[in-house]
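The values are calculated or read from the model by the stated rules, or taken from the named source; none is laboratory data. Since we're looking at a predicted model, the values are computed, not measured. Glycine gets a Cβ as well: all are built from the backbone with ideal geometry, and neighbour counts include every protein chain shown.
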Amino acid sequence: MGIITVLWEKWTEFKRDFYKITLAAMITPLLYIMVFGFGIQITSHGEPYLYFLIPGLVAMSTMNGSFGAVAQNMSVQRLYEKALDQVMVSPTPLWQFILGQIIGGSLRGMYAAVIILILTGPIRTPLVFNGLSFLIMFLNGMVFSTIGITLSFMAKSHTDAPRFSSYIIVPMSFLCNTFVSTDQMPGGFRQFIGALPLSQASAMIRSISHGEAITWYGIPILLAYLVVFSAISFLFVYKKNNL
Amino acid sequence: MIELKNLTKKFGDFYAVDHLNLKVETGEFLGLLGANGAGKTTTISMICTVLLPTEGEVIIDGEKLDRRASDVKRKLSVITQEYSMRQDMTLEEVMEYQGRLYHMKKKDIKEKTEELFAFADLSEHRRKTVRHLSGGMKRKLMVCRALLTDPEIMLLDEPTAGMDAIARRQMWSLLRRLNERNITIILTTHYIEEAQALCDRIALIDKGKLDIVGPPQELIDGLGKYAVDLIEEEDVVSHYFNDRDQAIEYLTGMDGKTVMRETSLEDVFIERIGKRISG
């Protein structure tokens, strides 16, 4: 019930800000496609770089869409609007509220990814996106929603959310298998970057898009992040002294 | 019944609420009064579970209140000092969100919203977003939202702050009617005459500690029913008497400008809290 309430709240927000949300989800990836995909005519592993880039952008969009939908929104609700107080005092179980945020955030990430797929649709590529790709996108969105929730509970002011984005999301966008393969990173750093959730999601979506098998450990790694950050989110909402 | 048992909240080394013990009977209207920073809002926030106590507990109808206690929280409704609601939602959406959070049926939410909006004169603004409302209208919306869920206990943290005199009187009348329906109300306010007019009992809080609790008249009688003010150049010195004749005798014996009047709750507040603050 509480999950549906949060999804309803996210849906009203989505309907109200439809054009803003859609435009925001389009602009950055579109610029990357224009500059790196069309502007710099390069090949990667013997094929157009665009084939490498598109799956990475899809994964990155799920991250940005989910994190943005949850972190910014929750920080403002908690610290500026104080609207979270109303949830705290209500009988809606807080785990349902958090789960609703995770699912709602992930759906927003999926929406951003679908926009990329629509935008790149006219480009004739052999890339394949199937049910498993969408499952990975959803899982990746859930991971970044939980990270968004965790950081929004750690935020001390509502301006912290964009800062967290600069510290965490922007570096991941560039380093985690979106524009360049993590294989090209120096040893040590490569393993660290490779273990981050976006690197795993990008690698898996890319493998599927190229008709290759995904690594066996990709999904367990994403699930591990999901479990850890969900646990932290639940811990915060139930145990944090001053919400 | 609400029981606050040793309720304590520390921020670092500072005790915002210091081992507060208080019982509020079902259907009672209790006023929490105190100077700025006395711990009134912190107490309300702990009853709302937004803040967790450092020590002690809140018991409602025999059950311990915490963030998991959905059945207990179902009984509560709060009007906070700040406009705690989504600013980008319309008035209708605010009400629907509240109803959904309290597991109400959509039909009931709709009917009750109509009724409350009509009562609060908000019907024509129902499709406006909250951020486009005036302060007074936001307050009214908060009242509607709090009443939507038929609460058994209402926590009101300065509900009339920023309201004009007419709106405040309307709010008083509403609160009286709610209390007549056996709703337990805990009210914090800076308007002492408001507390005196509405509350069955007053709890004075000073630096997080309970100073005194009792019915307004009992607190006034404790000080003396009659006050004689001696108006000096820069100050007013008040003397209190329970016997009218004694007050008159004192008054007639004084030189300078003097006024005799009935003691008010504000006098109790000034004598007990104000003088400690001003040293």
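Figures for the structure shown
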read-out: Residue check, B:Ala197 small (Gly, Ala, Ser), out of contact with any strand residue (DSSP E or B) (no Cβ under 7 Å at 6 or more places or on another chain), at pLDDT 90 or above and not assigned by TED's automatic domain parsing to the domain that holds B:Ala247; value: yes
read-out: Residue check for B:Gly27: within 14 Å of another protein chain (Cβ to nearest Cβ) and at positive phi; value: no
read-out: Leading residue by the ranking (farthest from A:Ala59 (Cα to Cα)) among those in segment A:187-243 that are within 14 Å of another protein chain (Cβ to nearest Cβ) and hydrophobic (A, V, I, L, M, F, W, C); value: A:Leu243
read-out: Failed item, numbered, when B:Glu63 is tested on (1) more than 8 Å from every other protein chain (Cβ to nearest Cβ); (2) surrounded by fewer than 21 Cβ atoms within 10 Å (Cβ to Cβ); (3) closer than 21 Å to B:Leu210 by Cβ; value: (3)
read-out: Among the residues listed as B:Thr80, B:Thr129, the single one being among the β-branched types (Val, Ile, Thr), crowded, with 21+ Cβ neighbours inside 10 Å and facing chain A (nearest Cβ under 9 Å); value: B:Thr80
read-out: Candidate set from segment A:180-232 (those that are β-branched (Val, Ile, Thr) and over 19 Å from the mean Cα position of the chain (by Cα)); member that is farthest from A:Phe129 (Cα to Cα); value: A:Thr215
read-out: Filter result for B:Asp150 (among the acidic types (Asp, Glu) and over 18 Å from B:Tyr97 (Cα atoms)); value: no
read-out: Single unsatisfied condition, A:Asp85 versus (1) part of a helix (DSSP H, G or I); (2) more than 14 Å from chain B (Cβ to nearest Cβ); value: (2)
read-out: Within segment A:125-141, tally of residues that are in a helix (DSSP H, G or I) and either among the β-branched types (Val, Ile, Thr) or at pLDDT below 95 (or both); value: 1
read-out: Within segment B:83-102, tally of residues that are hydrophobic (A, V, I, L, M, F, W, C), at the interface with another protein chain (Cβ under 8 Å from one of its Cβ atoms) and in contact with a Lys or Arg (Cβ under 9 Å, 6 or more places away or on another chain); value: 2
read-out: Complete set of residues in segment B:31-40 that are closer than 12 Å to B:Ala203 by Cβ and surrounded by fewer than 23 Cβ atoms within 10 Å (Cβ to Cβ); value: none
read-out: Residue pairs meeting the criteria (Cβ under 6 Å; at least 6 apart or on separate chains; first surrounded by 23 or more Cβ atoms within 10 Å (Cβ to Cβ), in segment A:203-216; second assigned to a helix (DSSP H, G or I)); value: A:Met204/A:Ile136; A:Met204/A:Gly218; A:Ile205/A:Pro55; A:Ile205/A:Val58; A:Ile205/A:Ala59; A:Ile205/A:Ser133; A:Ile205/A:Ile136; A:Arg206/A:Pro55
read-out: Considering residues of segment A:45-74 that are touching a residue at least 12 places away in the same chain (Cβ under 8 Å) and small (Gly, Ala, Ser) only, the residue farthest from A:Lys10 (Cα to Cα); value: A:Gly56
read-out: Matching entry among B:Asp13, B:Asp71 (being surrounded by fewer than 21 Cβ atoms within 10 Å (Cβ to Cβ), farther than 19 Å from B:Leu204 by Cβ, of a type in the set (Asp, Glu) and more than 9 Å from chain A (Cβ to nearest Cβ)); value: B:Asp13
read-out: Selection status of B:Leu122, over 29 Å from B:Leu4 (Cβ atoms), more than 20 Å from the chain's Cα centre (by Cα) and either in the same structural domain as B:Asn6 (by TED's automatic domain parsing) or crowded, with 19+ Cβ neighbours inside 10 Å (or both); value: yes
read-out: When residues of segment B:242-259 are limited to those that are surrounded by fewer than 16 Cβ atoms within 10 Å (Cβ to Cβ) and of a type in the set (A, V, I, L, M), the one nearest to the chain's Cα centre (by Cα); value: B:Val259
read-out: Selection status of A:Ile98, β-branched (Val, Ile, Thr), on the phi < 0 side of the Ramachandran plot and away from every other protein chain (no Cβ under 14 Å); value: no
read-out: For A:Val143: the one exception among (1) among the aliphatic types (A, V, I, L, M); (2) within 14 Å of chain B (Cβ to nearest Cβ); (3) within 20 Å of A:Val227 (Cα to Cα); value: (2)
read-out: Criterion violated by B:Lys112 - all others in (1) buried (at least 17 other Cβ atoms within 10 Å of the Cβ); (2) without any contact (Cβ under 8 Å) to a residue 40 or more places away in the chain; (3) of a type in the set (Lys, Arg); (4) within 8 Å of another protein chain (Cβ to nearest Cβ) satisfied; value: (4)
read-out: A:Ser106 in a helix (DSSP H, G or I) and either more than 25 Å from A:Asn242 (Cα to Cα) or within 11 Å of another protein chain (Cβ to nearest Cβ) (or both); value: yes
read-out: Residue within segment A:80-93 that is without any contact (Cβ under 8 Å) to a residue 24 or more places away in the chain, surrounded by fewer than 21 Cβ atoms within 10 Å (Cβ to Cβ) and within 30 Å of B:Ile47 (Cβ to Cβ) present; value: yes
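Residue-wise test of (1) polar (S, T, N, Q); (2) at pLDDT 90 or above; (3) part of a loop (DSSP other than H, G, I, E, B).
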{"position": "B:Pro151", "(1), (2), (3)": "no, yes, yes"}
{"position": "B:Gly162", "(1), (2), (3)": "no, no, yes"}
{"position": "B:His190", "(1), (2), (3)": "no, no, yes"}
{"position": "B:Ile202", "(1), (2), (3)": "no, yes, no"}
